[in-house]
Every structure is written in C-alpha cells, then in structure tokens.
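Single-structure report; data block below.
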Amino acid sequence: MSNVEGLVRDVSLMNLDSLQLPELSTLAIKANLSISEQLFSQWLSLPYAFQLATSLLADAKAKAGESGSTVIATKGAGNHVLHPAVFSAGSTPPLSPRNISASPRISKPRIGPSSLGSSSIKLANDRQQAIPQFYFQNGRPISEEMKEQCLSEINTHFKNSPDGLREHEFKPITKEICKLPSFFSKVLFEKIDKDETGVVTSDKFIDYWITGNLLTMDLVTRIFTILAQPDHNYLTQRDFVPLLREILATHPGLEFLQDTPEFQERYAETVIYRIFYCLDRSGNGRITLRDLKRGDLITAMHQIDEEEDINKVLRYFSYEHFYVVYCKFWELDTNHDFLIDKDNLIRYGNHALTYRIVDRIFSQVPRKFTSNVEGKMCYEDFVYFILSEEDKASEPGLKYWFNCIDLDGNGALTANEMQFFYEEQLHRMECMSQEAVVFEDILCQIFDMIKPESNDRMTLRDLKGSKLSAHIFNILFNLNKFIAFESRDPFLIRLIPKGTFFYDYYQVDLHLLTPYLENSEGRLYIIVSAMEIPLLLARME
C-alpha cells in the first residue's frame with residue numbers, strides 16, 4: 001500500500017484529462033485535489049491496474065534508450081507501478097482501463113488521441129496509394145505502348161529516306177505524327193535541325209519528339225513549346241512571324257498576294273496584332289501558356305489548315321477583315337507617313353467620336369502607344385483602337401474604353417465622369433437638331449441597362465456581366481452609333497443571325513454604306529454579310 005501512497009502524493013503531476021471523466025469538470029478536480037486523490041487510489045486498487053502498469057513499464061524500459069525518456073517507478077511486493085511523470089510533455093499518456101465488470105464507473109469508450117493519430121496516418125497513406133500522380137513538371141512520362149507505337153510510325157515515314165528528310169518532305173511528319181497544322185512544318189523542321197544541315201534524320205526527330213517529351217504534351221502546350229524561344233516561357237510577336245510567312249506562302253486563299261509583298265507584310269502584322277489583342281491579357285506584349293490555353297487561336301489554326309477560303313475563318317486570319325482595317329487606316333493617314341494624329345482620328349466614322357474621347361486615347365490611358373512619336377499613333381495602335389471601337393463588348397474592348405472613361409483611375413465609373421463625356425454628345429445632338437436627352441434620363445437608362453451592384457457607380461465587373469455594356473460607351477462618345485441604336489428596329493435585329501455585318505468585327509462605318517442600305521424611309525437595314533464589305537468599298541471608290 002506504500003506504493004499507492006507514494007503515487008498519490010505525486011498525483012498533482014498527472015494530466016487530469018487522461019482520467020476521462022466527462023461527468024466532472026477538470027477545473028473542479030484541480031480546485032479540490034482530494035477528489036483526484038481518491039479517484040487515483042481507487043484506480044490503483046483495481047486488479048487490472050497493476051498488470052497494466054507492469055506491461056507499460058516493460059515497454060518503457062525497452063524503448064528508454066531510443067526515446068531518452070526517464071522512467072520513475074516505485075518497487076514493492078514484486079510489482080512495479082508506473083509514475084505519471086514518465087510521460088514526456090510531448091507524448092500522450094496511456095488511458096485508464098475501462099473494464100466494465102471491475103470498474104465502479106461505467107462510461108462510453110472513447111478513442112484516444114494516439115488512436116486518432118494512427119488512424120489519420122493510415123488514412124493518409126491509403127489516400128496516397130489511391131490517388132495517382134496527376135501533375136508532372138516536365139510532362140507525363142511516356143508509356144511503353146505509346147512509345148512503341150510512335151517509333152513504328154516514325155520508322156514507316158523514314159523507311160524510304162534513311163539519310164533523313166528535307167524540308168519539303170517533312171509535312172507528312174508534321175500532320176500525321178505531330179498532329180499539327182501543315183504550316184508548322186517549316187517551323188518544326190528548323191527547330192529540330194539546329195545545326196542547319198538541311199536534313200532531319202529519324203534519330204534527330206526521335207530525340208526531339210520522344211526524348212524531349214513532346215509526345216505526351218497536350219496540343220496547346222506542344223504548339224507553345226515549338227513557337228517559344230528556348231529560354232522563354234512566353235511568346236512574343238516575333239515568334240509568330242515565321243508561322244505567318246509560311247501561311248502566306250502555302251495557303252491557297254492567299255496566292256493572289258504573291259506579287260504584292262507590301263500587302264503580305266501588312267497582312268501578317270494585322271494577324272499578329274489581332275492575336276495579341278485577344279490573348280495578351282496582361283498587356284505586356286507577351287502571351288503565356290495559360291493565355292494560349294484560354295484563347296481560341298489553336299482552333300482557328302486548324303480551321304485555316306482545312307479551309308481553302310481563308311475569309312471563312314473570321315477569327316484572326318480573314319483577309320477581308322484585314323483589308324477593311326488597313327483601308328480605313330490608309331484613309332485617315334492623309335500624308336501616308338504611317339502615323340495618325342488627333343486631327344486624323346477625329347475624322348473616324350464621319351466624325352463619330354467626340355474630342356474628349358480622342359484626347360483620352362492620345363493621352364495613352366487605355367494603352368501606351370508603340371509609335372515612339374509624341375502625339376501620333378502607328379498602325380499597331382490603330383489596330384488596337386479599331387478592334388476596341390468595333391467590338392466594345394469584348395473583354396479587351398470593355399477594358400480599353402473603361403480606362404478612358406475612368407478619369408480618376410479608381411476602378412469605378414461615377415455619374416460625374418460619365419456626364420463629362422456626355423456633355424459633348426448633348427451639344428452635338430442640339431447642333432444636329434436631334435432630340436436631345438438630358439443626362440439625368442441617360443443616367444437612369446444606363447443604370448437600368450447595366451444593373452450594377454452599387455447604386456452610385458459601375459465597375460468593370462458590372463460591365464462584363466451585362467450584354468448591353470457596349471451601348472453605354474456609344475451613348476457617351478459615339479454619336480452615330482448612339483443614334484443608330486436609339487432608332488433601331490427591334491424586330492429586324494432579331495432576324496439578323498450572328499456572324500452578319502451587324503455583329504461581326506471591323507464594321508465599315510454606317511455612313512459609308514448609307515447609299516446602299518437606305519430604304520424609302522431613310523432607315524438603315526444593316527444586313528450585309530462581312531464578306532461583302534470589300535466589294536461595297538470598291539463600288540464606293
């Protein structure tokens with residue numbers, strides 16, 4: 001019994017939570033140690049207690065050399081009782097026995113922290129075994145079956161050319177094995193033939209395609225890897241130049257440009273500007289892999305590879321779209337120095353734009369000019385402008401004009417900012433004997449169209465969530481489109497399918513087509529296909 005008394009004296013050292021007394025508060029036990037002493041003495045008097053203590057003591061002695069913990073025990077009557085202090089601060093003490101027949105207190109069994117810990121570790125191990133690896137930094141490893149199949153196809157194509165393939169013979173490899181558009185043939189050939197030998201052997205191709213892990217890459221990552229420079233994780237405009245040259249040289253829809261190198265160059269520039277306008281979301285002149293995956297450029301590339309009429313590919317590559325943009329620029333550039341100033345741009349769309357919005361454009365708020373000439377925009381700047389003007393509902397267009405209207409740059413459009421631009425519109429309507437609408441009514445109309453989250457301002461997020469956001473900008477600074485929208489025939493608009501001139505990019509200004517689209521009542525019915533625009537322009541000239 002002396003052993004029990006010795007342990008009771010040290011009862012204050014034990015962890016009271018380990019007693020598992022849900023009926024008693026831990027604070028109550030600490031306030032009255034006599035209760036804990038009685039409970040501990042009662043536990044030690046159980047027959048099973050000394051057996052448990054002996055077993056735990058034996059285990060503690062066996063692991064003493066490994067854990068470095070100190071075991072304190074009292075000896076007596078051939079039995080050993082484990083002192084509560086043997087458990088280190090970082091370890092979990094053993095739970096008291098729960099023998100229903102022997103214990104005077106019957107409680108529901110509880111899972112200890114150590115059991116929970118071991119269960120969590122076991123569950124984590126099971127999950128690690130169940131979930132396969134899904135991210136590979138250098139691409140998914142090539143399976144033996146895929147490798148053997150690819151090697152078989154390579155041997156078939158190189159069987160009749162053991163010394164290698166030349167550039168004009170490499171196109172089947174590009175389309176059938178690499179699954180790339182045919183105009184990637186020259187770019188891929190030059191990428192593999194680093195030594196410029198003019199020949200790509202099967203060993204070179206295997207080393208680049210299989211050893212370089214391009215075989216297991218998805219199509220977008222594969223194209224990005226081929227176009228990007230070795231030390232770059234992004235694409236620049238220069239990376240697309242070889243690709244456009246190959247398209248101009250091989251596509252049947254562009255054969256008529258063979259004798260006009262100037263138009264070839266301008267066409268390639270326009271396509272590249274359109275690509276970066278849509279995909280370069282950061283505006284730093286770089287397209288990342290993420291940008292490329294979010295866009296539809298790869299789909300358009302495959303489309304032009306299969307479509308002989310390049311004008312049917314409305315995204316990026318349409319020659320007729322380029323023709324409209326370039327002719328419009330040439331019309332405004334009166335001295336043909338390939339630069340446009342404020343006086344030139346104000347004539348855009350038969351003076352459709354206000355002076356205030358033109359001033360904001362030339363302040364380079366929406367986009368910094370690349371002309372390097374103060375007060376003038378170059379052809380690239382004009383392409384960004386006309387894309388934004390003719391498709392204000394697109395994400396780049398919304399951002400372009402939002403930055404123009406946001407005078408203080410706080411990321412929100414207020415009534416004062418919108419009124420500043422509408423004042424000039426109102427004055428112009430009065431001069432043209434149009435029915436003038438006061439700004440208060442216009443403001444109510446704008447907020448009804450957009451339905452912003454705040455009652456006194458609109459954010460870019462609000463505009464992106466509305467299908468009528470493009471008309472907001474027309475109301476503020478484009479008089480011709482504002483009047484056309486207000487006098488539109490809603491029944492006719494519903495009949496116009498998407499893809500016609502009214503919805504398509506790079507619309508010719510309405511005043512240019514007026515003689516051909518007016519009916520007896522003088523109303524414009526804009527149902528001209530985008531493919532007919534160059535023909536109409538030619539007739540007007």
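The values are calculated or read from the model by the stated rules, or taken from the named source; none is laboratory data. Bear in mind that the values here come from a model prediction, so they are computed numbers and not experimental data. Cβ sites come from the backbone with ideal geometry, for glycine too, and all protein chains shown count toward neighbours. Surface accessibility is based on the protein's heavy atoms, side chains included, excluding ligands, DNA and RNA. Shrake-Rupley method; radii C 1.70, N 1.55, O 1.52, S 1.80 Å.
Quick notes
- Between Thr211 and Glu153, the simple label model (points 7 Å from Cα in the Cβ direction) yields a spacing of 2.1 nm.
- Stretching the chain fully between Asp231 and Glu453 yields a gain of 75.4 nm (0.36 nm per residue, less the alpha carbon separation).
- Within-14-Å neighbourhood charge of Arg461 [Cβ basis; K, R +1; D, E -1]: 0
- Shape of segment 355-411, Cα gyration tensor, a/c cut at 1.5: oblate
- On the basis of the beta-carbon distance and an R0 of 41 Å, Glu190 and Glu374 show a calculated FRET efficiency of 0.55.
- Computed from the Cβ-Cβ distance with R0 of 25 Å, the FRET efficiency linking Thr197 to Glu255 stands at 0.25.
- Inter-label distance, nm, simple model (7 Å from Cα along the C-beta direction), Leu407/Val241: 4.3
- Relative contact order of segment 175-280, pairs being alpha-carbon contacts under 8 Å that are 6 or more residues apart, as %: 22
- Projecting label points 7 angstrom from Cα along Cα→Cβ for Cys444 and Glu167 puts them 6.8 nm apart.
- Other residues whose C-beta falls under 15 angstrom from the C-beta of Asn372 contribute a net charge of -2, scoring Lys and Arg +1 and Asp and Glu -1.
- Extension gain for Glu430 to Asp296 (0.36 nm times residue separation, less C-alpha to C-alpha distance): 43.8 nm.
- Global form of segment 324-429, assessed from the alpha-carbon gyration tensor, a/c cut-off 1.5: prolate
- Net charge of neighbours whose Cβ lies under 10 Å from the Cβ of Thr250, counting Lys and Arg as +1 and Asp and Glu as -1: 0
- Spin-label proximity, Gln419 to segment 441-469 - amide N less than 13 Å from point 7 Å beyond Cα toward beta carbon: 441-444
- Solvent-accessible heavy-atom area per residue, rounded to whole Å², over segment 147-186 at 1.4 Å: 57
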